[in-house]
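Q: Have a look at the structure that comes next, please.
Bear in mind these aren't lab numbers, they're just calculated from the coordinates by the rules spelled out. It should be emphasised that the depicted structure is a prediction, and the values quoted were computed from it without experimental measurement. Cβ sites come from the backbone with ideal geometry, for glycine too, and all protein chains shown count toward neighbours.
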Amino acid sequence: MRYLAGMVLGVALVVAASAAGMARAADAPAPPGGWSLEALMAGLRQVRAASAHFVELKTVRMLNRPIQTTGTLKYVAPDKLEKITITPAPETIRLDGGTLTGQQANGDDFSVDIGGHSEIGALVEGIRSTLAGDLPTLRRYYGIAFAGGQDHWQMDLVPKDHWVREKVERIRILGAGTVISNIVVDEKDGDRSEMTITPDAP
């Protein structure tokens, strides 16, 4: 189950990035009060569908060099997410409502009803609230630290759920305007993943 929760976290975060990336900064000027977390979330609420390419570097303590994966991301509001890994081995993960399905790199298919696993649900609902621009719900699942201006900002998310905190120490999201460019996930065991997002042209 921890493996499945890790997959949920990965697909939810990177598709969140692709969704945000489709909303260009020029289309979402800063409000009179200046750029803020609230302005970012308002921009995310405008995104109905998006796609992107990703490059991820995963640093594992037991390995001498990072593992690089590449692939595509898709999001359709309000709750359809997809991550397709192309290299080094094909893998597909889809989240549709309350069901997680896909095919692992070894060819095995899987299907999970998220409603039956509260710890996975905590991951999913927290990210869904980000995609929906629902700040109150996001704050229910994560402690949030936001800094920077419209040209360059940083958001750190710290899980509130005890089970999630055992795996994930912090999620750092970087961007400009409503375009998310990088996501860094620091895991509790010292492993780290850094993902670069390149949105597809509108």
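Q: Which peptide among 56-68, 155-167 comes first, and what is the full order, when sorted by highest mean count of other Cβ atoms within 10 Å? Could the numbers behind the result be given before it?
A: On the way: 56-68: 12.2, 155-167: 16.5.
Packing order, densest peptide first, comes out as 155-167, 56-68.
Q: Could you bin all the Cα-Cα distances of segment 59-177 into 5 Å bins starting at 0 and give me the percent of pairs in each, rounded to whole numbers?
A: Each 5 Å bin holds this share of Cα pairs: 2, 9, 14, 17, 22, 20, 10, 4, 0.
Q: Once the Cβ-Cβ distance between PHE146 and ASP108 is put in as r, and R0 is 35 Å, what FRET efficiency do you end up with, to the nearest 0.05?
A: Computed FRET efficiency for PHE146 and ASP108: 0.35.
Q: Moving to a separate point now. Taking 8 Å as the Cα distance limit and 6 or more residues as the minimum spacing, I'd like the relative contact order of segment 70-152 as a percentage.
A: That works out to 16 percent.
Q: While we're here: Within 10 Å, count the other beta carbons around each residue, average over each peptide in 44-54, 168-178, and list them highest first.
A: 168-178, 44-54
Q: Label-point separation (nm) for ASP79 and ASN182, each offset 7 Å from Cα along Cα-to-Cβ?
A: Result: 3.4 nm between the two label points.
Q: Can you give the local net charge around GLY71? Use residues other than it whose beta-carbon is closer than 12 angstrom to its beta-carbon, Lys and Arg +1, Asp and Glu -1. Working shown, then result.
A: Details: positive: LYS74, LYS83; negative: GLU56, GLU82, GLU91.
Cβ neighbours under 12 Å give a net charge of -1.
Q: Order these by the 10 Å Cβ neighbour count, fewest first: ILE197, ILE180.
A: Taking fewest neighbouring Cβ atoms as first place, the list is ILE197, ILE180.
Q: Quick one: length gained pulling ALA49 to ALA201 fully straight, 0.36 nm per residue minus the C-alpha distance?
A: Full-extension gain reported as 53.5 nm.
Q: Grab the other residues whose beta carbon is less than 13 angstrom from that of GLN104, score K and R as +1, D and E as -1, and report the net.
A: Here the charged neighbours net out to -1.
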